[in-house]
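**Q** The following block contains the structure, expressed as structure tokens.
The values are calculated or read from the model by the stated rules, or taken from the named source; none is laboratory data. Worth saying up front: this structure is predicted, and the values here are computed from it rather than measured. Cβ atoms come from the backbone with ideal geometry, glycine included; neighbour counts cover every protein chain shown.
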Amino acid sequence: MYTDRIRNFCIIAHIDHGKSTLADRLLESTQTVSSREFREQVLDDMDLERERGITIKASAVTMNYKKDGKDYVLNLIDTPGHVDFSYEVFRSLAACEGALLLVDAAQGVEAQTVANAYLAIEKHLEIIPVLNKIDLQQARPVEVIEEMEKTLGMLPRDVIKVSAKSGLGVDELFKAIIERLPPPKGNSQGALRGLIFDSVYDDYRGVVVYLRVFDGSLRAGDRIYMMKTQMSFEVTEVGVFKPKMSPVEALHTGEVGYLVASIKSIHDVEIGDTVTHDKNRAGVALPGYQRPLPMVYCGLYPTADTDLVPLRMALEKLSLNDSSFTFEPERSPALGFGFRCGFLGLLHMEVVQERLERESNVNIIQTAPSVTYEIVNKKGEVNKIDNPDHVPMEGDIEEFREPIVAMKIVLPSEYIGTVMQICEERRGKYISTEYLSEKRVILNYELPLAEVIFDFYDKLKSATRGYGTMDYTFLGYRPADLVRLDILVGGKKVDALSSIVHKDQAYYKGKKLAKKLREEIPRHLFEVVIQAAIGSRIIAREAIRPMRKDVTAKCYGGDITRKRKLLEKQKEGKKRLKVVGSVEIPQEAFLSVLTPHE
Amino acid sequence: MTSLYIHIPYCVKKCSYCDFNSGPHPRALMDRYIQALGKELEGTRAISEGFQTVYIGGGTPTALDEAQLERLLTLVKDVTGTNPPREYTIEANPGTLNPEKVRLMKVGGIDRVSLGVQSFSEGGLEILGRIHSPLEAEEGFYVLRDAGFSNINLDLIFGWPGQTLEEWGQDLQKVLRLGPEHVSAYCLTIERGTPISMDVRTGRLTGSDEDLQHKMFKKAHASFTRAGYKHYEISNFALKGRECLHNINYWNNGPYLGLGAGAFSYVDGRRYSNVKDVQKYIEKITSGRRAVSFTETLPSRRRAAETLVMALRMHSGIAEGEFHRRTGYSLTELYGPSIEKFQHLGLLSLTGGRLRLTQKGLFLANQVMVEFV
């Protein structure tokens, strides 16, 4: 009887279409958060997310709503809105019966709208199409509803028009949530089955596990068993998010909340695992999902060797709350000891890096990101390579394979030509064009991931005046004609500057990279020679002329303090350089590997 | 013995490259300023042994009118009268000199004049935002000579946007023909916030490149050395016995007292400066307070570093024994490996216990000094 009054749903949207604002309005309307304690966009609880306007980690909140004299419990499970985190969208969907598909009435259907809607359809979720920002002057509701109908099969009469900012249409939306979304099903008398859809580390309580109860119920004091990891714990607290953690007596069938069980490490919890009772175990686990593998790798090195331990501590701390970020020690002949770090994508990498800089005082050298390649050796063994320096000699390679993604680009039709050219330059394979409307299309391409992670998004944005959006999914590995491009500085190979490039582009890229490095590496007291090489063949050479003059012209009584401070600043600046052999290389140089196209 | 510096934060018009504490001010304000200076000067009477050198700089001290200049020089003489300094310098801008002011300077006891010529090129003076012409600069020099000044410095700037090596060569020849006792040749530093830095940033002017400046530097060194001048500090050349004592005191990290708005003092290891703002300076001094707005006392280790860095500016460098005597530290213990490295790179020489920059090292002084701070 109670289960009928529960609605579990998420909001799926393209970035910036107003997901967090809508969530805020729902929280406010249900008085889950009083206006006094209301902060804009409550669900994005990390500063970084707030600053970047994106939601990185899924989050859940329980709201109470009264309709026709009946009390309802609405559980909103938040989803991230960026391509790197589509897996998190997926796991949020698994905990819901319904989804609000939010589309900006001015922007229209975008790449992530399509991608996320498909995910929801695949999971058989009931979808409520919602048109947001209808009070904007640039809103074009008629066209956008048509786009939603054409691409996503939404019926125009089902679309609810709102302004999340002003609250317009929100009542109607609540009505739809209750009337159209199905209540959870499940066997409240059966053995406990709860789906873990997220977890966070809390300094005081240890790991907080987010779960959705599908069958049975869970109480504090229960001994639980994780069906996949086969670990068992004693539950010390169960509760719901309002949005602060509020303990409850029990979590029943259909409910969404959390459990605390003195779990020490986030790595002891597997997202997608099924929680059951240790004594009365469920027979079959819930359909879980695969943990995503990192797609992008880079090396992180402290500029000073003495900072290795602080860097490791900072990485450990970060990984406490981000199970999709991986790191392991590695040693670079040029850079010394550091870490090879894996990320879901480029945005994920940037987010982690920014957090590292913010939360630790370590000067870091970041090497250019690389994807994971597969190399088949002469014996037919397949090895995964995520560091260009680990590529074996050409003669030992039977086949070199690279990851390929299926790319979906939504753009105004007038830019098709330019965008196709960008895809072709990046070795893309054209698949199809779908028309959203007369003016907007979806381009489908297959592209090497390595060509996507660098500057593809920026290029797409500038080629379409900001209107193009993209989303991609991993397809698999395919053989390609690849070689390793090495860089020598002062006659010494700098492994951290090695990259894997397509043979056809190797000469061009080698020349370009050597030129770029000539600009990035400052003048030294001696001549610095930069060479690009494939195997033992030198394909490009540049020289940085020695520094001739660096002297303070005037230094009298009133200048002494200031000039000394300038020298001290100059000295600080030097600390940010990595010394390779006798050459000081700035951070920017390590990223110059990332300039493949112009 | 302490040196005395007096700052005149006043000029007719700010030069395009200048980031000093200076600017045009109303005449009445300068009257009050000189009055305040007099009051600050009074306080120095306690220094019974007098000053070894006195230096009136700016700004443009000669931009004061005759009455103000006379008043200022009288105030100084009141304090130093019984104990005249070994060297008494004033800075002068050719655009503000006249025979009467020069006469007052002479009567006031000044024995050294630093004339801000900067360039003999019409275009150069315009880019630098100077108020005088090349001809006025030359005239200024002769007026000083005629008044009997036998110790004159000419200030030059090279490496300004658009200047060619040939133009610089012409400046050097002109200077050598005039034959001053001392020349300061400064490579232009484009300081942030100055009009010239805006022009360079916006592309209106193109900054001179490092290699050209290096060539100009070498040319200056060659020309003056050949003509008998000693390149005794990074930017300074002098005939024998005409090195600027006042400045040498700075480079020896010796004590000095600075009076006036924004002036720095260095006494007993403590460095401090007055407020920069002219009004505030006057208010504070007039109301009987001190005008100090910044103070720093460096720990001995950093003071030692400063001593070394300053000393290396001079061709004579510093002797190991002298360094130890002045700082209490051993030069090689503090900096052994760095010194060795720079010797190896040909930037430093350590001979007969004396550490100095080599000719090559002189142009790369910051690269060396940065390891010592």
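**Q** Does A:L300 fit the bill of being hydrophobic (A, V, I, L, M, F, W, C) and farther than 24 Å from A:D268 by Cα?
**A** Against the criterion (hydrophobic (A, V, I, L, M, F, W, C) and farther than 24 Å from A:D268 by Cα), A:L300 qualifies.
**Q** Starting from segment A:385-400, keep only residues that are closer than 20 Å to A:E328 by Cβ, then list their pairs with residues that are polar (S, T, N, Q) whose Cβ atoms are within a distance under 6 Å, requiring at least 6 positions of separation or different chains.
**A** Correct list of pairs: A:D386/A:T372; A:P388/A:S370; A:P388/A:S498; A:P388/A:S499; A:D389/A:S498.
**Q** Quick check on this structure: which one of A:L286, A:L346 is closer than 25 Å to A:R205 by Cβ, out of contact with any His (no Cβ under 7 Å at 6 or more places or on another chain) and surrounded by 14 or more Cβ atoms within 10 Å (Cβ to Cβ)?
**A** A:L286
**Q** Let me ask you something else. If you check B:I127, B:I234, which single one turns out to be surrounded by 13 or more Cβ atoms within 10 Å (Cβ to Cβ) and out of contact with any Phe, Trp or Tyr (no Cβ under 7 Å at 6 or more places or on another chain)?
**A** Going through B:I127, B:I234 in turn, the sole match is B:I234.
**Q** Go through (1) at pLDDT 95 or above; (2) more than 30 Å from B:L172 (Cα to Cα) and name the single condition B:R301 misses.
**A** Looking at each condition in turn, B:R301 falls short on (1).
**Q** Oh, and also: Name the residues in segment A:157-178 that are in a helix (DSSP H, G or I), without any contact (Cβ under 8 Å) to a residue 60 or more places away in the chain and touching a strand residue (DSSP E or B) at 6+ places or on another chain (Cβ under 9 Å), would you?
**A** Once the filter is applied, which keeps residues that are in a helix (DSSP H, G or I), without any contact (Cβ under 8 Å) to a residue 60 or more places away in the chain and touching a strand residue (DSSP E or B) at 6+ places or on another chain (Cβ under 9 Å), segment A:157-178 yields A:D158, A:E172, A:A176.
**Q** Limited to segment B:201-237, what total is found for residues that are among the polar types (S, T, N, Q) and more than 16 Å from B:I157 (Cβ to Cβ)?
**A** Total satisfying the criteria: 3.
**Q** At pLDDT 95 or above, among the polar types (S, T, N, Q), part of a helix (DSSP H, G or I) and crowded, with 23+ Cβ neighbours inside 10 Å - does that describe any residue in segment B:51-74?
**A** Within segment B:51-74 (the criterion being at pLDDT 95 or above, among the polar types (S, T, N, Q), part of a helix (DSSP H, G or I) and crowded, with 23+ Cβ neighbours inside 10 Å), the answer is yes, since at least one residue qualifies.
**Q** Restricting attention to segment A:135-148, does a residue exist that is basic (K, R) and assigned to a helix (DSSP H, G or I)?
**A** The answer is no; no qualifying residue exists.
**Q** If the requirement is being part of a strand (DSSP E or B), charged (D, E, K, R) and closer than 30 Å to A:G535 by Cα, which of these qualifies: A:E398, A:E434, A:E424?
**A** A:E398
**Q** Would you call A:Y204 under 22 Å from A:L320 (Cα atoms), among the aromatic types (F, W, Y) and in a strand (DSSP E or B)?
**A** On the way: under 22 Å from A:L320 (Cα atoms): yes; among the aromatic types (F, W, Y): yes; in a strand (DSSP E or B): no.
No, not satisfied.
**Q** Would you point out which residue out of A:R281, A:R331, A:R358 is basic (K, R) and closer than 23 Å to A:L497 by Cα?
**A** A:R331
**Q** Please go through segment B:193-231 and pick out each residue that is touching a Leu at 6+ places or on another chain (Cβ under 6 Å) and either surrounded by fewer than 20 Cβ atoms within 10 Å (Cβ to Cβ) or not assigned by TED's automatic domain parsing to the domain that holds B:F20 (or both).
**A** B:D199, B:K215, B:A227
**Q** It is to be established whether one or more residues within segment A:456-477 are small (G, A, S), surrounded by 23 or more Cβ atoms within 10 Å (Cβ to Cβ) and under 18 Å from the mean Cα position of the chain (by Cα).
**A** no
**Q** Okay, next question. Which ones in segment B:92-111 are surrounded by fewer than 23 Cβ atoms within 10 Å (Cβ to Cβ) and in contact (Cβ under 8 Å) with a residue 60 or more places away in the chain?
**A** B:G95, B:T96
**Q** Continuing with this model, one more query. Search segment B:333-359 for residues being among the hydroxyl-bearing types (S, T, Y) and within 14 Å of another protein chain (Cβ to nearest Cβ), and hand back the single one that is nearest to the chain's Cα centre (by Cα).
**A** Step one: of segment B:333-359, the residues among the hydroxyl-bearing types (S, T, Y) are B:335, B:338, B:349, B:351, B:358.
In the following step, the residues that additionally are within 14 Å of another protein chain (Cβ to nearest Cβ) were identified as B:335, B:338, B:358.
Details: B:Y335: 29, B:S338: 29, B:T358: 23 Å.
Only one residue fits best here, namely B:T358.
**Q** Those residues that are surrounded by fewer than 19 Cβ atoms within 10 Å (Cβ to Cβ) and more than 7 Å from chain B (Cβ to nearest Cβ), I need them from segment A:546-573; list them, please.
**A** Passing the criteria: A:P546, A:D559, A:R562, A:K565, A:L566, A:K569, A:E572, A:G573.
**Q** Under 24 Å from the mean Cα position of the chain (by Cα), away from chain A (no Cβ under 14 Å) and of a type in the set (S, T, N, Q): which single residue out of B:S316, B:S300, B:S330 fits that description? Outline the logic, then answer.
**A** Values: B:S300 fails: under 24 Å from the mean Cα position of the chain (by Cα); B:S330 fails: under 24 Å from the mean Cα position of the chain (by Cα).
Of the residues listed, the single one that is under 24 Å from the mean Cα position of the chain (by Cα), away from chain A (no Cβ under 14 Å) and of a type in the set (S, T, N, Q) is B:S316.
**Q** Could we say that B:K284 is out of contact with any Phe, Trp or Tyr (no Cβ under 9 Å at 6 or more places or on another chain), within 14 Å of chain A (Cβ to nearest Cβ) and basic (K, R) here?
**A** So B:K284 does not fit the description; no.
**Q** If we only count helices (runs of 4 or more DSSP H) wholly inside segment A:31-134, which ones have 3 or more residues that are at pLDDT 85 or above?
**A** Values: elements: A:47-52, A:86-93, A:111-122.
The helices (runs of 4 or more DSSP H) meeting that bar are A:111-122.
**Q** I'd like the full set of residues that are free of Cβ contacts under 8 Å to residues at least 60 places away in the same chain and either more than 21 Å from B:I152 (Cβ to Cβ) or not hydroxyl-bearing (S, T, Y) (or both), limited to segment B:81-90.
**A** The answer is B:G81, B:T82, B:N83, B:P84, B:I90.
**Q** Say whether the condition of being within 13 Å of chain A (Cβ to nearest Cβ), over 30 Å from B:L29 (Cβ atoms) and crowded, with 19+ Cβ neighbours inside 10 Å is met by at least one residue in segment B:257-273.
**A** Within segment B:257-273, none of the residues are within 13 Å of chain A (Cβ to nearest Cβ), over 30 Å from B:L29 (Cβ atoms) and crowded, with 19+ Cβ neighbours inside 10 Å.
**Q** Pairs only if they're at least six apart or on different chains, beta carbon under 6 angstrom, first in segment A:564-578 and in contact (Cβ under 8 Å) with a residue 60 or more places away in the chain, second of a type in the set (D, E, K, R); list them, first residue then second.
**A** Pairs that qualify, where the first residue is in contact (Cβ under 8 Å) with a residue 60 or more places away in the chain and the partner is of a type in the set (D, E, K, R), are A:L577/A:E584.
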